[in-house]
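> Shown below is the structure under consideration.
Throughout, read-outs are computed from the coordinates displayed, never taken from laboratory work. Just so we're clear, the structure is a prediction, and the values are computed from it rather than from any experiment. Here the Cβ positions follow ideal geometry from the backbone for every residue, glycine too, while neighbour counts run over all protein chains shown.
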Amino acid sequence: MTCSLFILALVLPAMDIDSLTANLHLETAFAYIEQGLPDKALGEFTLALEIDDSAYEAYLGLGRIAVLNGSWAAAEENYATYMSFKPDDYRAPLEMAELFLLLPGRLQDALYYSDTALSLAPLNGQCWLAAAQICARLGNVDEAISWYSRIIIEDELLACEARVQMGMLLFQQGRLSESREILLPAAASGRAEAFRILALLYLEQRDSLRAIDSINRYLYIEPQGLWADSARACLEELGSGTILNN
């Protein structure tokens, strides 16, 4: 093995070896992000760029770390740097669009980057989802529903998420029957958020029994979820002490 590595080092230019080494650090860094270890990922991305300044994927990863840390300016800077080197990759503009959706006053920026990502990857479900979210935020309800419907039909992996978001949009529009129809398959697949919205819907319809059932199912799936305390308080107001436990 040592002999083989020596021969490889003689055959390949030094820059190629640097590139291979940098790529290994990049792979490790992205794996760390997937494992929820952004600090370790940061070190690997930094090493990759020190070894090979053309390891541009590091900027994409650094943008993701900045988002996880809530460092919006740093995220924007790193994504922009990546896009300057890789203008044909849809991922950075898509993630910029998703980022700006979270920030006040940046909806038009989100629209711009969403359109950019969609032009680069017109058949990508994540790009469709971002487009739907932005249309909904802009008040273009019919267009948002069109995007969500396309995802439900054509992208199995994102269908449940699209149902949850579309269900909430329809609920906010007062289209309760349509909302329920869209949400039920997502609830059947075990999506806690679908049960939460269904509970709100049933409360709006003054259907206490179904509301209680939906709240209990939400709590069964996510007993420590974001809305768990509110859900328990709602159960108490409805006069039900029944809470399913894992």
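> Take the Cβ-Cβ distance between Q173 and L68 as r, set R0 to 51 Å, and report the resulting FRET efficiency rounded to the nearest 0.05. Walk me through the numbers before you get to the answer.
Numbers: r = 33 Å, r/R0 = 0.64.
Computed FRET efficiency for Q173 and L68 comes out at 0.95.
> Roughly how big is the chain's charge dipole about its Cα centre, with Cβ charges of +1 (Lys, Arg) and -1 (Asp, Glu), in debye to the nearest 20? Could the numbers behind the result be given before it?
Numbers: 16 positive and 34 negative charges, 192 e Å.
Its charge dipole is roughly 920 debye.
> With viscosity set to 0.692 mPa s at 37 °C, what whole-number translational diffusion coefficient in µm²/s follows for segment 138-209 from Stokes-Einstein and a Kirkwood radius over Cα pairs?
Working: Rh = 12.1 Å.
Approximately 271 µm²/s, per Stokes-Einstein.
> For segment 98-173, take N as its residue count and report Rg(C-alpha) divided by 2.2 N^0.38 Å. Display every interim value, and only then the final one.
Values: Rg = 11.6 Å, N = 76, 2.2 N^0.38 = 11.4 Å.
Taking N as the residue count of segment 98-173, the ratio is 1.02.
> How long is the gain from E27 to D39 if the chain were fully straight, where each residue apart is worth 0.36 nm and the alpha carbon distance is subtracted? Write down the numbers at each step before the final one.
Values: separation 12, 0.36 × 12 = 4.32 nm, distance 1.49 nm.
Once the chain is fully extended between E27 and D39, it gains 2.8 nm.
> To two decimal places, what compactness ratio does the chain give when its Cα radius of gyration is scaled by 2.2 N^0.38 Å? Can you show the working numbers first?
Values: Rg = 22.9 Å, N = 246, 2.2 N^0.38 = 17.8 Å.
Ratio of Cα Rg to 2.2 N^0.38 Å: 1.29.
> Given the options A74, T28, I17, identify the residue whose Cα lies farthest towards the positive end of the charge dipole of segment 11-87 (+1 on Cβ of Lys, Arg; -1 on Cβ of Asp, Glu).
A74
> Shifting gears a bit: Using the Karplus equation 6.51 cos²θ - 1.76 cosθ + 1.60 (θ = phi - 60°), what ³J(HN,Hα) coupling, rounded to whole Hz, does each residue of segment 211-220 give in order, writing x for Gly and Pro?
4, 4, 4, 5, 5, 4, 5, 4, 5, 5
> Let me have the 222 nm mean residue ellipticity of the chain computed from DSSP H runs of 4+ only, each contributing -39500 (n - 2.57), with the sum over all residues rounded to the nearest 500.
Calculated from helices alone, the mean residue ellipticity at 222 nm is -24500 deg cm²/dmol.
> Also, quick follow-up: If you rank F195, F85 by fewest surrounding Cβ atoms within 10 Å, what's the result? If you can, show how the numbers build up before the last one.
Working: F195 25, F85 13.
In increasing order of surrounding Cβ atoms, one gets F85, F195.
> Still on this structure: Could you give the length gained on full extension between L107 and E50, defined as 0.36 nm per residue of separation minus the Cα-Cα distance, in nm?
Length gained, L107 through E50: 17.0 nm.
> Continuing with the same structure: Computed on alpha carbon atoms, what radius of gyration and Dmax characterise segment 11-87, expressed in Å?
For segment 11-87, the Cα-based Rg and Dmax read 12.5, 45 Å.
> Turning to a different aspect of this structure: Kindly express, to the nearest 10 degrees and within the range 0 to 90, the angle between helix 176-188's C-alpha long axis and the longest C-alpha principal axis of the chain.
60
> Within the set of other residues whose C-beta is less than 13 Å from the C-beta of F195, count the net charge using Lys and Arg as +1 and Asp and Glu as -1.
Working: positive: R163, R180, R191, R196, R210, R217; negative: E193, D213, E222.
Local charge sum for F195: +3.
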